[in-house]
Amino acid sequence: MAIRPIVLYPDPVLLRATEPVETVDDDTRELVEDMVETMYEAPGIGLAANQVGVGKRVCIVDLSAGEEQGMLCVFVNPKIVATEGIEAGEEGCLSFPDVTLVVKRALKVTVEALDVEGEPFTMETEGLMARALLHECEHLDGYTFLRNVSDLKKALIKKQIKKRIKAGTWVATE
Ligand code: NI
């Protein structure tokens, strides 16, 4: 296992839709292991493969950020098949260090995905888990949580990021 560098916005890999995994194999499992290690190290509660520079449709969520056993969820080729309700909530993102946005998302989601053995499963979930999953799927679709805020807010955040890039303080969590 290895910790991989986290890609920061506006790296193009974050702005391109990822490709579905054709065969869940050892390479996929190695990617997942590295993603888990990288996310726990950050620490964060969710990570998409393109956040470590890999354009594959794979994401992970662990609401305990590795603090509790059995909380890790791995999604290969996740597809949101149903949503219900709407709720606003605060979100952060490992590709946007120290940026917090209030984002409206579905309250409940149903997702279909493959596990690390390539077995299909369906999960119905709500609240923070649903939010995290939707945030990660948004990454995999080639978007970031910025797309959910007003144009004004977006412009403001982009300006702040530009300033931080110039100042050399736009750096991934160590
Ligand atoms: Ni994110």
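General observations
- Segment 81-136 shape via C-alpha gyration tensor axes, a/c threshold 1.5: oblate
- Backbone N within segment 21-50 under 14 Å of label point (7 Å from L63 Cα along the Cβ vector): 45-46
- Amide H contacts under 5 Å for E19: K56, R57, restricted to partners 5 or more places along the chain or on a different chain, H placed in the peptide plane at 1.01 Å from N.
- Reachable lysines, given that their alpha-carbon falls under 27 Å from the alpha-carbon of K166 and they are not under 8 places away in the same chain: K153, K154, K158
- Computed over the chain, the per-residue total of -39500 (n - 2.57) for DSSP H runs of n ≥ 4 gives a 222 nm mean residue ellipticity of -8500 deg cm²/dmol, rounded to 500.
- Linear extension gain, K153 paired with R16, 0.36 nm per residue minus alpha-carbon span: 47.1 nm
- Rounded Å value of the spacing that divides the Cα centres of segment 114-149 and segment 72-113: 5
- Using R0 = 45 Å, the C-beta based FRET efficiency linking V102 and D25 works out to 0.70.
- Residue order for C73, C59, C93, fewest other beta carbons within 10 angstrom first, comes to C73, C93, C59.
- When each of K104/K163; K79/K108; K79/K159 is checked by Cα-Cα distance, pairs over 24 Å: K104/K163; K79/K159
- Ranked by the mean number of other Cβ atoms within 10 Å of their residues, highest first, the peptides 95-104, 17-26, 30-39, 77-86 fall in the order 30-39, 95-104, 77-86, 17-26.
- Each Lys and Arg Cβ is given +1 and each Asp and Glu Cβ -1; about its Cα centre, the chain then shows a dipole of about 1500 debye.
- Where the alpha-carbon atoms of segment 12-167 are placed on the principal axes, they occupy 43, 35, 30 Å, in descending order.
- Relative to the dominant Cα principal axis of the chain, helix 128-140 is inclined by about 80°.
Read-outs throughout are calculated quantities, based only on the coordinates presented, and are distinct from any laboratory measurement. In this text, all values refer to a predicted model and were calculated from it rather than measured experimentally. Positions of Cβ are generated from backbone atoms using ideal geometry, with glycine treated the same way; all protein chains shown enter the neighbour counts.
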